[in-house]
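The values are calculated or read from the model by the stated rules, or taken from the named source; none is laboratory data. The model shown is predicted, which means the values in this text are computed figures rather than measured ones. Don't worry about glycine lacking a Cβ; one is built from the backbone with ideal geometry, like all the others, and counts go over all protein chains shown. We work out accessible area using only protein heavy atoms, side chains counted, and drop any ligands, DNA or RNA first. Shrake-Rupley method; radii C 1.70, N 1.55, O 1.52, S 1.80 Å.
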Amino acid sequence: MDNDLPSVLYVLGATFLYFLPTFLALARGHPNSFPIAIVNLSLGWTVIGWVGAFFWSLTKQPRGGES
């Protein structure tokens, strides 16, 4: 019972890293935040799915009026 804190911190840290693309998309106000979250949740366990969601969350979005 004395060593529960490191385990809890590990699980919280791993969960944060797993959902980092979703958190970034939400923080940046990305218009595709929900699809990014779905890809992150469903394919994030694969390295390719996580990297894809990560880079998608970092893409620059056109400002209003631009196409």
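Residues in region 52-63 that are out of contact with any Pro (no Cβ under 6 Å at 6 or more places or on another chain) and either open to solvent by less than 60 Å² (accessible area, probe 1.4 Å) or small (Gly, Ala, Ser) (or both): GLY52, THR59. Listed by first and then second residue, the pairs with beta-carbon distance under 6 Å, at least 6 apart or on different chains, first residue in region 48-67 and modelled with pLDDT of 95 or more, second open to solvent by 80 Å² or more (accessible area, probe 1.4 Å), are GLY49/LEU43.
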